[in-house]
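S.K.: The following block contains the structure, expressed as structure tokens.
The values are calculated or read from the model by the stated rules, or taken from the named source; none is laboratory data. Bear in mind the structure is a predicted one, so any value in this text is a computation, not a measurement. Backbone-built Cβ (ideal geometry, glycine too); neighbour counts: all protein chains shown. When the accessible area is computed, the model is the full protein with side chains, heavy atoms only, and any ligands, DNA or RNA have been set aside. Shrake-Rupley method; radii C 1.70, N 1.55, O 1.52, S 1.80 Å.
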Amino acid sequence: EILIGTKQSCQTTEEKSRRSSRFTHHQHSTETIAMAELGCYSPSFKKPCDVLRMRRNRARSEVPERSTSSPAVSVPGVRPFSPGPLLNAPGQSRGGVKRRNPFANIENTYNSPKKRAFSHTDGEKAAVAPVLDGKLKERPNAGASLREELLNTDRRKQHERTTVSLSEDDCLFEEERSTPVLKSPEAVCPAAPAEVCVEFPADWSLKTRVLFTSPQSFSWAEHLKAQEEAQGLSSHCRAQFTSTPANIPDPRGCVELRCGFQQCLQFWQHPSMPWLSLFPRIGAERKFSGKCVPWALDTTLQQSLMSDWSVSLTSLYSLLKARLCPYFYLCSYQFTVLFRAAGLSGSKGITALLSPTTRGLREAMRVEGIEFSLPLLEERRKSKDLTESVPQTDSEEPASSAALSEHSENEEDDDEDDDDDDGGFSWLKEMGVQDKIKKPDAISIKLRKEHREVCLDHRPESVVLVEGSNTFTLLNFLINCKSLVAAAGSQAGLPPTLLAPTAFRGATLHTLKARAVNVKTRVRTGYQDVCSLEVTGPIMPHTLHALTQLLRPAQRGEFSVGLYTHEPTAVLNVPISPSSEPETQPECVVQDLGRCGLQQSSVQQLAAPSILGKCALRQLHMRDYSYSWKT
């Protein structure tokens with residue numbers, strides 16, 4: 001009986017378990033069918049993590065199609081995912097494939113400003129609700145319109161929040177997008193400089209490097225044929241200029257353009273040492289160190305070099321006086337001199353600008369009888385006199401009280417300086433103690449008198465202007481000046497460098513180095529191809545103008561120029577004070593300098609008075625055949 005009872009209990013237990021398994025299987029199959037109908041579950045994946053993994057894979061596969069079809073579509077209330085760059089980028093040394101977390105933002109925290117704004121707007125709605133209910137009771141027909149307005153306001157706010165979240169996600173990756181790739185005039189220079197004109201002003205400073213950039217290619221400036229190079233050299237020596245076509249569809253096949261480019265690169269120099277670069281000379285001791293300088297310790301060789309140099313300088317001045325050479329530069333290890341023919345830069349006669357100078361050099365010029373002026377100091381004095389002589393009205397008196405006090409202080413200082421110049425000891429005689437106080441000697445008085453001049457040394461304000469017949473005296477002074485040549489150092493015994501656009505005695509013909517390169521610059525939409533042409537060497541004013549005249553039709557009126565100035569020569573753009581004589585017309589100047597070896601357009605530009613002051617051109621742009629520049 002006991003065995004029979006035990007067997008029956010086991011059978012009942014098995015039946016219960018079988019019934020429960022049937023019920024569980026039926027329930028599971030029902031859930032499977034329901035989930036299959038939803039399209040988000042497969043019987044082969046039993047775990048929720050597998051279901052989530054399948055959803056993620058499906059979402060990733062559908063992202064490119066959505067972005068290509070409608071990239072600007074955004075789902076309200078859903079924060080978009082933008083993964084960002086890998087941490088093992090080429091610029092980083094660490095390994096790993098971890099990405100930046102785009103959701104690591106303050107807006108995802110519990111007490112974020114955006115959630116506080118949500119709670120604030122909810123409170124406003126709760127406060128406004130009773131008022132709206134009262135209005136609805138008063139005007140039952142206006143209920144539908146007010147509900148529509150509230151609904152539109154909620155939708156607008158929701159859209160604004162979604163837009164803000166999108167912009168915040170984009171700001172997470174601004175660092176990688178704004179990395180500069182190339183520094184060129186296109187990228188560095190502003191898009192619209194201050195002044196625009198059909199012709200840029202003459203720049204009398206010397207350039208060491210010029211970089212042209214343009215969307216059009218500069219391939220026409222490379223690999224000149226032997227015949228084109230010979231034609232360019234011959235045209236330069238004979239001062240023959242061929243007109244370039246106004247419209248050049250194929251610059252590479254234009255012979256006139258390529259020959260003209262070769263002609264623009266030529267200049268004349270003395271002395272010429274093939275193993276030495278003789279420009280620039282100021283601050284070039286490091287370039288000369290370690291070079292072969294056989295004249296450094298040979299006095300006979302130094303005298304021979306100076307003798308040839310004197311002949312070349314005299315030849316240049318004779319050509320300048322005959323208006324067969326427009327201008328030339330004398331570059332020493334201490335200063336630079338610019339000689340200009342009569343009529344250039346608004347002058348009536350031959351002019352010479354010398355910069356920078358020292359008190360000793362100016363004193364030596366005075367001893368030699370050279371009359372000169374300091375144009376920048378004179379301009380400052382004239383401006384001060386004008387401000388003092390302007391009559392003041394009652395309304396201007398309070399505003400200009402500080403200026404009057406400053407002027408009075410300056411005048412008192414000047415009076416004190418004058419008293420010091422005269423001795424300044426008259427007050428001691430009035431007190432009767434002139435014999436008990438030791439007076440300063442004459443040297444101390446002289447040093448105090450020349451204190452202002454000493455402060456000008458090696459500054460742009462020390463530029464010296466020599467005009468008329470005094471330029472010939474200056475020429476003799478430079479030939480006989482012993483301090484013109486360095487007595488020690490790497491430039492010892494080497495005469496100054498003479499640079500001119502035309503030939504002269506003892507000169508050597510040199511060619512500027514030109515190189516065309518295609519580069520890429522980063523813009524907002526990606527990368528942009530930019531073509532560049534680099535010209536290096538002593539670039540004189542006529543060379544810059546001739547190159548821009550050639551590039552105008554070749555680059556279809558679209559190019560930019562980065563100008564690298566030899567800084568000691570930037571002050572050579574100082575204007576010359578107008579004389580009382582009637583002003584010479586530019587047409588007469590072009591006619592007088594018709595045989596100087598330059599194009600008429602270049603002579604006309606150089607004949608205009610300088611407007612740059614003590615600055616130089618730094619950037620030059622041409623857009624739609626119109627110039628704009630920055631100093």
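S.K.: Stokes-Einstein diffusion coefficient for the range 229-385 at 37 °C in a medium of 0.692 mPa s, Rh from the Kirkwood formula over Cα pairs: what value in µm²/s? Walk me through the numbers on the way to the answer.
M.R.: Numbers: Rh = 19.8 Å.
Stokes-Einstein gives a translational diffusion coefficient of 166 µm²/s.
S.K.: If you look at just the Cα atoms of the range 532-631, how large are its Rg and its Dmax in Å?
M.R.: Using the Cα atoms of the range 532-631, the pair Rg, Dmax is 15.0, 47 Å.
S.K.: Does the range 329-370 classify as rounded, prolate or oblate by the C-alpha gyration tensor (a ≥ b ≥ c root eigenvalues; a/c under 1.5 gives rounded; else a/b over b/c gives prolate, otherwise oblate)?
M.R.: oblate
S.K.: Of the peptides 499-505, 369-375, 479-485, 336-342, how do they stack up when ordered by the mean number of other Cβ atoms within 10 Å, highest first?
M.R.: Those peptides, ordered most packed to least, come out 336-342, 499-505, 369-375, 479-485.
S.K.: Cβ neighbours within 10 Å, averaged per peptide: list 521-528, 225-232 in order, most packed at the top. Don't skip to the end; give the middle numbers.
M.R.: Numbers: 521-528: 11.4, 225-232: 14.6.
Taking the mean over residues of other Cβ atoms within 10 Å, the ranking is 225-232, 521-528.
S.K.: Does the range 204-303 classify as rounded, prolate or oblate by the C-alpha gyration tensor (a ≥ b ≥ c root eigenvalues; a/c under 1.5 gives rounded; else a/b over b/c gives prolate, otherwise oblate)? The partial results should precede the final answer.
M.R.: Values: a/c = 3.00, a/b = 2.13, b/c = 1.41.
In terms of gyration-tensor shape, prolate.
S.K.: Would you mind telling me the share, in percent, of accessible area of the range 234-300 contributed by carbon and sulfur at probe 1.4 angstrom?
M.R.: About 55 percent, which is the carbon plus sulfur part of the accessible surface.
S.K.: Taking the Cβ-Cβ separation of E363 and R595 as r and a Förster radius of 30 Å, what is the calculated FRET efficiency to the nearest 0.05?
M.R.: That pair, E363 with R595, gives E of 0.15.
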